[in-house]
2 protein chains.
Amino acid sequence: MERYTIGIDYGTESGRALLVRVSDGAEIATAVHEYQDGVIDKHLPGETRPLPPDWALQNPNDYLEVLKETIPSVLAESGVSSEQVIGLAIDFTACTMMPALADGTPLCNLPEFRTNPHAWVKLWKHHAAQPHADRINATGRELGQSWLSRYGGKISSEWFFSKALQILEEAPEVYHKADRLIEAADWTIWQMTGVETRNACTAGYKAIYQDGDYPPREYFAALNPDFADVVDSKMSRELVDLGDKAGGLTEEAAGWTGLEPGTPVAVANVDAHVTFPATGHVESGTMVMIMGTSTCHMLVADELREVEGMCGVVMGGIVPGRYGYEAGQSGVGDIFAWFVDNGVPPEYHRQAEELGLSLHELLEREAAKQRPGEHGLLALDWFNGNRSVLVDVELSGLLVGMTLATKAPDIYRALLESTAYGTRIIIEACKESGLPVKKLIAAGGLPGRNPLLMQIYADVCNQEIDLIESEQGPALGAAMHAAVAAGVYADIEEAARHMGRLSDKVYKPIPENVAVYDELYRDYRFLHDLFGRSGASDPGGVMKRLRERRAGALKGSA
Amino acid sequence: MERYTIGIDYGTESGRALLVRVSDGAEIATAVHEYQDGVIDKHLPGETRPLPPDWALQNPNDYLEVLKETIPSVLAESGVSSEQVIGLAIDFTACTMMPALADGTPLCNLPEFRTNPHAWVKLWKHHAAQPHADRINATGRELGQSWLSRYGGKISSEWFFSKALQILEEAPEVYHKADRLIEAADWTIWQMTGVETRNACTAGYKAIYQDGDYPPREYFAALNPDFADVVDSKMSRELVDLGDKAGGLTEEAAGWTGLEPGTPVAVANVDAHVTFPATGHVESGTMVMIMGTSTCHMLVADELREVEGMCGVVMGGIVPGRYGYEAGQSGVGDIFAWFVDNGVPPEYHRQAEELGLSLHELLEREAAKQRPGEHGLLALDWFNGNRSVLVDVELSGLLVGMTLATKAPDIYRALLESTAYGTRIIIEACKESGLPVKKLIAAGGLPGRNPLLMQIYADVCNQEIDLIESEQGPALGAAMHAAVAAGVYADIEEAARHMGRLSDKVYKPIPENVAVYDELYRDYRFLHDLFGRSGASDPGGVMKRLRERRAGALKGSA
């Protein structure tokens, strides 16, 4: 009897189940369910009062609907029986967190809290806790907190304690009513198993869990006396390793899904990180880039090193027993999309339509006709700020070299290249810290449909780039963790060898391109350091001053 | 009996006659004639052999057709009699030069030279003499020629000796057959009057006539032994001041035009320079900007000073008895046009069409809604190189500050502003050399239809900007010189007081904008010096290296 696991990938707009054969990782069936309330950023469901700017919420009940809809669907589609499904696992966006009662009831399900926005799930891209993040960082520096350096010196407004502190200070009634503050990922596992667990990945990357503990009580007290006991009163100090079993499926959850009660469920995981083993590689020195609107760079290594501007370094954050390093570029596909939407004249739109191509495809085709250096342009890829290695949201884009003969495909290619230089900066920062990238793998939405982009990355980084084979990397990775939780494989490394895989396509550096890009990279690096490392009062702090003036002008208009 | 003069403005594509009342400069009638052969840059008329790249020729017979067509037309339109027309003058593009026989016959009119491109008029924008210009500059430096500093250290490929040396070395048969090498402006006056003259303006700005003489024989011999006697064998050492009479209209020319034989004709002039007095102002310290695809900045002053990167300083080059300084920005309207053609997405094209606006107008309207600094952008205006004060064609454009929220009107406004900063650089260079700009006047095609642009210039330069009233500045200026040549006014200054005038519209600096632009200008200046003054091997020499790599890549593709 063949055995299967199901991985469920909780994204921003929908959830996806993937039924996978345990013996070889073959993807047998998949189903998607869109969240009914989607991203809640205008007003609460059934309400008309507008949410403030930068808010982004979700409805936790939508997560359970995904289970009820997609799992029966993949079973039906595949003809696989419930007995053949030996394990389940999920991955999630993060930090996506929520307040709940001790029995797991979401606060937003209580009638008296239904209209309180702070009672709902705060989605990863809820950015309204920036003032709280700023205080978390300032206080961390003042009190000499050692964990700061593990996060590039800055905790994000997206992360757990920024959001938790916002709840306490803007809605104390919610904070005090909440028995638990918990990642939606862990809450969903709780609903499936009846067991509350906290996974090592989100705790480490999003909730400052380092070297076996959270920040001390005195630190939280310095932020707000009422916040002193946040860990012990709302969270848990017991973390569970990735791939460990959280519990068995409850009778109720078995009823939702058509699976057997007691089916092993793995502890929750994060969408980017769970993808890593789906490449089939978790060896020390492997870097996986999840390339989409932004790029997340993850490196697995045996050594603990300080690398400039990492978003996070977490023991067991990607694979148990190894350090997981996370870096990132905050704008990649987003920048290309910005250009396609805002910088391309009608003639290219017409031509793309005539040829039945997307504008991206047309621009890539035209840009691919050029040799490296031919357009005479160089760009800095900070349209959405920089989060590695400079960690500065005030930075912005730059384009140099334009002449009256510059055309849209020239700029498009320069923007593709700029993101490759940005990746090389991260790879070199790792190398300089004693963490050479021995194997480089691309995953996510961009690599499969952008061959020029991938060749440029290989040429700029002078490194072979492999591509993950699965188009459902996160769900496949989750299914692998389910197989480990079910005891089929001893650990993620073994599961990766059997169930993960790379595509046959490998991008190899072309020596003559490497030579030109090496020179261009030196210029990129000059601009990077000049504009990126100068303070607002240094001559090179142009970007920071432009931001300040923009803020001043907008204030003046208001 | 009212008296009139006619000014004829020879442009790149056509010639225009303007009939002007001498007493007050009123513009009575105008007529335009397009050159039949226009700009000859593909192949000679009647030939199929393609011209090499960068060539631009004209047919001198087209210039005479302008006289025959437009002068009778303005007489007929106005009802002014030939006796009432007391003087004629012309202005011309420059350096636009040609080979001729001793009797004035253009070499291209000789059957045996008809198919030789070097026998035709070389238009100002003929750029194929760059190698010759490079040698002129290198040899000038080697031999320590003092005149180099009067031209910002560089003679242009567009200028007289570059083109003359190209003729000698690429078509010695043309060079040796030519009794005269002459500006088309002076040649046209020769055809009208039967008298060969050389005007002080083109000789000074285009033919290195400084302090009473051309460069010495030994210098020309060092360029090429056969070039040693170019001045004495092909040119003339006698120059005529602007506003002086060249001669009277010949019987033949009177027959072409319907004017009286003997009607005074002034010596020729250059289109930009002749516009200066049409503003009504020629006082020391006045700067006139002719703003179009590029901008020509002219300053009249009593003092001789070395100003960094001037295109030329010529005694009597604009007004007799004063130094005329010429500087310029090689891309202004051209940059805005580049952006409108290459950087604006379809939605704005559609909107402009719906509103019945040009795309320029729509973008200006949207950009005008912003406060200074609001878009958060800063640009360098070197899309077509820099010709003041850096004098470097290898420089290119730069744009910094883009975010994912940047829109086309933001960039459009940043480009407008960048050209204003470029003008301020020139004004400050003058001031730092002891030549303060006391009065700033805008002329040319841009000022009248771009109110936002002009307000930005006033704010950036913190200086009131007047506008010339006439829409035919060059032709009006020529008509004024005709009035001086005819003896109605003692000199150009007196003619300017009576016939020139400014519009009522004055752009005044807005203090709060001035403050923001002062800060932005400091950042512009930082980028200007960093990218503009760094050598190719300095870290800041990014633009130069991008050019080199582009040239290398294009060579590799060929």
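The values are calculated or read from the model by the stated rules, or taken from the named source; none is laboratory data. In this text the structure is predicted, and so the values were computed from the model without any measurement. Glycine gets a Cβ as well: all are built from the backbone with ideal geometry, and neighbour counts include every protein chain shown. Accessible surface areas use protein heavy atoms only, side chains included; no ligands, DNA or RNA. Shrake-Rupley method; radii C 1.70, N 1.55, O 1.52, S 1.80 Å.
In Å², nearest 100, what accessible area do chains A and B bury in total when the solvent probe is 1.4 Å? Numbers along the way, then the final one.
Details: alone 21630 and 21660 Å², together 38810 Å².
Summing both sides, the interface buries roughly 4500 Å².
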**Complete:** Placing one equal point scatterer on each C-alpha of the range B:397-487 and summing with Debye, one gets log10 I(q)/I(0) at q = 0.12 Å⁻¹ equal to -0.54
**Request:** Mind listing the label-point distances from B:ILE510 to the same position on all other copies, shortest first, one decimal in nm, points 7 Å along Cα→Cβ?
**Result:** 5.1
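Can you give the Kirkwood hydrodynamic radius of the range B:46-116 from its Cα pairs, in Å with one decimal?
Values: mean 1/r = 0.0648 Å⁻¹.
Across the range B:46-116, the inverse of the average 1/r is 15.4 Å.
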**Asked** Which entries of A:LYS431/B:LYS555; B:LYS122/B:LYS234; A:LYS369/B:LYS125; A:LYS122/A:LYS439 show an alpha-carbon separation above 25 angstrom in the structure shown?
**Response** A:LYS431/B:LYS555; A:LYS369/B:LYS125; A:LYS122/A:LYS439
**Prompt:** Helix-derived [θ] at 222 nm for the protein assembly as shown: sum -39500 (n - 2.57) over DSSP H runs of at least 4, divide by residue count, nearest 500?
**Reply:** -12000 deg cm²/dmol
**Message:** If I model a spin label at A:GLU83 and B:ASP211 as a point 7 Å from the Cα along the Cα→Cβ vector, what separation in nanometres do I get?
**Reply:** 10.8 nm
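Quick check for me: using +1 on Lys/Arg Cβ and -1 on Asp/Glu Cβ, what's the dipole size of chain A about its Cα centre, in debye to the nearest 20? Please list the in-between numbers first.
On the way: 49 positive and 79 negative charges, 264 e Å.
The calculation lands at about 1260 debye.
With a 1.4 Å probe and every protein chain left in place, work out the accessible area per residue of the range A:130-183 in Å², rounded to a whole number.
Details: 1970 Å² over 54 residues.
Solvent-accessible surface per residue comes out at 37 Å².
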**Asked** So which GluC sites (Glu not before Pro) in the range B:40-79 end up in coil per DSSP with only 15 or fewer other C-beta atoms within 10 Å?
**Response** B:GLU47
**Item:** A:GLU353 accessible area, 1.4 Å probe, all protein chains in place, Å² to nearest 10
**Value:** 150 Å²
**Asked** At a 1.4 Å probe, which residues in the range A:325-343 are at least 40 Å² less accessible with all protein chains present than in their chain isolated?
**Response** A:TRP338, A:ASN342
**Request:** List the distances, in nm and shortest first, from the label point of B:ARG141 to the matching label points in every other copy, placing each point 7 Å from Cα along the Cα-to-Cβ direction.
**Result:** 4.8
**Item:** Accessible surface of B:PHE336 - all protein chains present, 1.4 Å probe, nearest 10 Å²
**Value:** 10 Å²
**Message:** Let's see if you can work this out: charge +1 on each Lys and Arg Cβ, -1 on each Asp and Glu Cβ, no other charges. What is the dipole magnitude of the protein assembly as shown about its Cα centre, in debye to the nearest 20?
**Reply:** 1120 debye
**Item:** aspartates and glutamates whose Cα lies under 14 Å from that of B:LYS508, excluding same-chain neighbours fewer than 8 positions away
**Value:** B:ASP459, B:GLU464, B:ASP466
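Determine the share of the protein assembly as shown's accessible area contributed by carbon and sulfur atoms, expressed in whole percent, with a 1.4 angstrom probe. Present the calculation step by step, with values, prior to reporting the outcome.
Numbers: 18210 of 38810 Å².
The C+S portion of the solvent-accessible surface of the protein assembly as shown is 47 percent.
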**Request:** First obtain the Kirkwood hydrodynamic radius of the protein assembly as shown from its Cα pairs, then insert it into the Stokes-Einstein equation at 37 °C and 0.692 mPa s, and state the resulting D in µm² per second as a whole number.
**Result:** 98 µm²/s
**Asked** Given a cut-off of 14 Å, what percent of all Cα-Cα pairs of the range A:172-216 lie beyond it?
**Response** 57 percent
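For the pair A:ILE28 and B:THR115, what calculated FRET efficiency results from E = 1/(1 + (r/R0)^6), where r is the Cβ-Cβ distance and R0 = 45 Å, to the nearest 0.05?
E between B:THR115 and A:ILE28, to the nearest 0.05, is 0.05.
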**Prompt:** Considering protein heavy atoms only and a 1.4 Å probe radius, which residues within the range A:482-525 exhibit an accessible-area decrease of no less than 20 Å² in the full assembly relative to the chain by itself?
**Reply:** A:GLU519, A:LEU520, A:ASP523
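Where only protein heavy atoms count, and the probe is 1.4 Å, what is the accessible area per residue for the range A:221-274 in Å²? Before the final figure, lay out the partial values.
Working: 2020 Å² over 54 residues.
Using a 1.4 Å probe on heavy atoms only, each residue of the range A:221-274 averages 37 Å².
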**Prompt:** Using a basic spin-label model with each label point 7 Å from the Cα along Cα→Cβ, how many nm lie between B:GLU548 and B:GLU428?
**Reply:** 2.9 nm
**Asked** Reachable lysines from A:LYS154, Cα under 16 Å, same-chain residues fewer than 8 places away excluded?
**Response** A:LYS163, A:LYS206
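Normalise the Cα radius of gyration of the range B:276-320 by 2.2 N^0.38 Å (N = residues in it) and let me know the number. Walk me through the numbers on the way to the answer.
Numbers: Rg = 10.8 Å, N = 45, 2.2 N^0.38 = 9.3 Å.
Computed over Cα atoms of the range B:276-320, the ratio equals 1.15.
Between beta-carbons, use under 12 Å as the cut-off and find the net charge around A:ASP134, counting Lys and Arg +1, Asp and Glu -1. Mind showing how you got there, number by number?
Values: positive: A:ARG135, A:ARG141, A:LYS154; negative: none.
Counting the neighbours of A:ASP134, the net charge comes to +3.
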**Message:** Within the range A:514-540, list the residues whose amide N lies under 18 Å from a label point set 7 Å along Cα→Cβ of A:ARG305.
**Reply:** none
**Request:** Could you tell me whether the range B:1-95 comes out rounded, prolate or oblate from its Cα gyration tensor? Rule is a ≥ b ≥ c as square roots of the eigenvalues, rounded for a/c under 1.5, then prolate if a/b exceeds b/c, otherwise oblate.
**Result:** prolate
**Request:** Please express the Cα-Cα pair-distance distribution P(r) of the range B:308-397 as a list of whole percents, one per 10 Å bin, running from 0 to the bin with the greatest distance.
**Result:** 14, 30, 28, 19, 9, 1
**Prompt:** Convex hull over the Cα atoms of chain B, averaged projected area in nm²?
**Reply:** 26.4 nm²
**Asked** Where the centroid of each part is defined by its Cα atoms, how far is the range A:2-62 from the range A:90-142 in Å?
**Response** 18 Å
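In debye, nearest 20: dipole of the range A:223-331 around its Cα centre with unit charges on the Cβ of K, R (+) and D, E (-)? Kindly include the intermediate steps, with their values, before the conclusion.
Values: 5 positive and 16 negative charges, 45 e Å.
I would put it at about 220 debye.
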**Asked** If you wrap a convex hull around the Cα atoms of the range B:46-189, how much volume per residue is inside, in Å³?
**Response** 158 Å³
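Can you compute the FRET efficiency between A:ALA138 and B:ALA368 using 1/(1 + (r/R0)^6), with r the Cβ-Cβ distance and R0 = 30 Å? Round to the nearest 0.05.
Values: r = 40 Å, r/R0 = 1.34.
Once rounded, the FRET efficiency stands at 0.15.
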**Request:** Return a whole-number percent for the relative contact order of chain B, with Cα pairs under 8 Å and 6 or more residues apart as the contact set.
**Result:** 16 percent
**Request:** Just the Kirkwood number for the range A:230-353, please: inverse of mean 1/r across all distinct Cα pairs, in Å, one decimal.
**Result:** 18.0 Å
**Item:** Alpha-carbon centroid distance for the pair the range A:382-436 / the range B:344-398, whole angstrom
**Value:** 24 Å
**Prompt:** trypsin sites (Lys or Arg not before Pro) within the range B:314-417: which are DSSP loop residues with at most 12 other Cβ atoms inside 10 Å?
**Reply:** B:LYS369
**Message:** Run the label-point distances for B:PRO52 please: 7 Å along Cα to Cβ, every other copy, nanometres, shortest first.
**Reply:** 7.0
**Request:** First measure r as the distance between the Cβ atoms of B:GLU218 and B:GLU283, then evaluate 1/(1 + (r/R0)^6) with R0 = 35 Å and state the FRET efficiency to the nearest 0.05.
**Result:** 0.30
**Prompt:** Relative to a virtual label point 7 Å from the Cα of A:ALA405 in the Cα→beta-carbon direction, which members of the range A:353-375 show backbone nitrogen distances below 19 Å?
**Reply:** A:366-375
